[in-house]
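One structure below.
The values are calculated or read from the model by the stated rules, or taken from the named source; none is laboratory data. Keep in mind the model is a prediction, meaning the values are calculated, not measured. Cβ coordinates were reconstructed from backbone atoms using ideal geometry, including for glycine residues, and neighbour counts include every protein chain displayed. Calculation scope for accessible area: heavy atoms of the full protein, side chains included, ligands and nucleic acids excluded. Shrake-Rupley method; radii C 1.70, N 1.55, O 1.52, S 1.80 Å.
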Amino acid sequence: MSSIKIECVLRENCRCGESPVWEEATNSLLFVDIPAKKVCRWDLLSKQVQRVAVEAPVSSVALRQSGGYVATIGTKFCALNWENQSVVVLATVDKDKKNNRFNDGKVDPAGRYFAGTMAEETAPAVLEWHQGSLYSLFPDHHVKKYFDQVDISNGLDWSLDHKIFYYIDSLSYSVDAFDYDLQTGQISNRRSVYKLEKDEQIPDGMCIDAEGKLWVACYNGGRVIRLDPETGKKLQTVKLPVDKTTSCCFGGKDYSEMYVTCARDGMDPDGLLRQPEAGGIFKITGLGVKGIAPYPYAG
Ligand SMILES: O=C(O)[C@H](O)[C@@H](O)[C@H](O)[C@H](O)CO
Ligand SMILES: [Zn+2]
């Protein structure tokens with residue numbers, strides 16, 4: 001049996017840390033701080049952080065096959081050049097919804113960048129409902145819209161055989177699955193594979209492990225949970241010393257470590273005193289299961 005170790009590896013004080021992504025080529029963890037409008041890159045060996053400021057809330061970042069990164073900024077799918085910190089807009093969504101922004105995003109196994117939107121929050125989880133939609137940006141930069149009526153578009157990932165798309169609309173308190181057609185990027189047959197229990201609070205970011213099980217970060221629940229999407233059973237709970245856990249990914253050597261982001265926004269002064277590492281980056285080792293490499297955007 002492995003023994004689990006949890007440590008805060010970076011006290012970044014993120015207002016809302018999100019979208020952790022491991023980049024093997026630079027041996028670093030990418031993540032964003034949404035309201036602080038920053039994309040960050042933390043080097044595992046040097047422990048140094050580089051930060052790129054952008055002009056609107058940045059809700060996700062992903063690798064790009066042709067170099068650099070892609071990111072969802074405001075309601076725009078963008079390309080991000082890390083060297084000169086320049087941003088190029090690839091596509092814009094929700095043009096008729098001025099109060100919307102993108103939220104979580106991830107690239108599918110065929111190189112399409114999926115991301116959903118939501119109304120801007122007035123406080124965590126306080127927002128106008130049903131304003132969001134789910135989109136993907138194809139490698140040729142055209143955008144496909146899947147559905148609307150989303151409250152808080154959040155975690156997403158694909159099964160190891162690429163036949164299922166997993167998705168979380170946070171305020172449904174459910175982890176859903178769709179049949180996935182990798183050839184066309186079509187989704188169908190939505191169903192719930194897990195409903196969160198009360199103390200698990202709000203499902204947020206999500207990633208799949210090398211055994212096809214799902215890891216879901218529970219906002220306000222201070223934990224990540226491991227789910228078997230085939231049986232609908234919870235397999236494991238790993239608690240963290242911060243309540244507002246937002247997302248998780250595997251990284252490090254052979255993707256054997258898990259990285260977890262979290263938020264400070266919405267915590268009262270007392271909570272911040274009790275959880276001074278809120279907004280930091282946490283590393284979990286000893287889980288005994290590995291992750292898989294993130295897919296790069298192909299456009
Ligand atoms: O990180 C996100 O996905 C949202 O942008 C955050 O604002 C919170 O997670 C949300 O409030 C929880 O429901
Ligand atoms: Zn999220």
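Going residue by residue through the range 126-139, is there one that turns out to be open to solvent by less than 50 Å² (accessible area, probe 1.4 Å), within 15 Å of ligand 2 (Cβ to nearest atom) and not small (Gly, Ala, Ser)? Scanning the range 126-139 turns up at least one residue that is open to solvent by less than 50 Å² (accessible area, probe 1.4 Å), within 15 Å of ligand 2 (Cβ to nearest atom) and not small (Gly, Ala, Ser). Does Asp176 qualify as being more than 16 Å from ligand 2 (Cβ to nearest atom) and more than 14 Å from the chain's Cα centre (by Cα)? Spelling it out, it is not the case that Asp176 is more than 16 Å from ligand 2 (Cβ to nearest atom) and more than 14 Å from the chain's Cα centre (by Cα). Can you find a residue that is modelled with pLDDT of 95 or more, under 17 Å from the mean Cα position of the chain (by Cα) and more than 16 Å from ligand 2 (Cβ to nearest atom) anywhere in the range 182-199? Among the residues of the range 182-199, not one is modelled with pLDDT of 95 or more, under 17 Å from the mean Cα position of the chain (by Cα) and more than 16 Å from ligand 2 (Cβ to nearest atom), which makes the answer no. Whenever a residue of the range 99-121 is closer than 19 Å to Val89 by Cα, its partners that are among the β-branched types (Val, Ile, Thr) and open to solvent by less than 10 Å² (accessible area, probe 1.4 Å), lying with C-beta atoms within less than 6 angstrom and at least six residues away or across chains, give the pairs Asn100/Thr117; Phe102/Thr72; Phe102/Thr117; Gly105/Thr72; Tyr113/Val70; Tyr113/Val107; Ala115/Thr72; Gly116/Val150. Inside the range 236-275, residues that are without any contact (Cβ under 8 Å) to a residue 60 or more places away in the chain, away from ligand 1 (no atom under 15 Å from the Cβ) and in a loop (DSSP other than H, G, I, E, B) make up a count of 3. Within the range 159-192, if we keep just the residues that are open to solvent by less than 30 Å² (accessible area, probe 1.4 Å), aliphatic (A, V, I, L, M) and closer than 26 Å to Cys16 by Cβ, the residue that is farthest from ligand 1 (Cβ to nearest atom) turns out to be Val175.
If you take the residues in the range 285-299 that are out of contact with any Cys (no Cβ under 8 Å at 6 or more places or on another chain) and not in a loop (DSSP other than H, G, I, E, B), which one is nearest to ligand 2 (Cβ to nearest atom)?
Among those residues, the one meeting the criterion is Tyr297.
Every residue, every condition in (1) touching a Leu at 6+ places or on another chain (Cβ under 9 Å); (2) crowded, with 23+ Cβ neighbours inside 10 Å, yes or no:
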position: Val9; (1), (2): yes, no
position: Asn13; (1), (2): no, no
position: Glu18; (1), (2): no, yes
position: Ala36; (1), (2): no, no
position: Leu45; (1), (2): no, no
position: Gln50; (1), (2): no, no
position: Val54; (1), (2): yes, no
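Glu211: in contact (Cβ under 8 Å) with a residue 40 or more places away in the chain, of a type in the set (Asp, Glu), outside any strand (DSSP E or B) and away from ligand 1 (no atom under 16 Å from the Cβ), yes or no? Yes, satisfied. Please specify each residue of the range 94-118 satisfying the condition of being over 27 Å from Thr26 (Cβ atoms) and either buried (at least 21 other Cβ atoms within 10 Å of the Cβ) or in contact with a helix residue (DSSP H, G or I) (Cβ under 8 Å, 6 or more places away or on another chain) (or both). Of everything in the range 94-118, those that are over 27 Å from Thr26 (Cβ atoms) and either buried (at least 21 other Cβ atoms within 10 Å of the Cβ) or in contact with a helix residue (DSSP H, G or I) (Cβ under 8 Å, 6 or more places away or on another chain) (or both) turn out to be Asp94, Asn100, Arg101, Gly116, Thr117, Met118.
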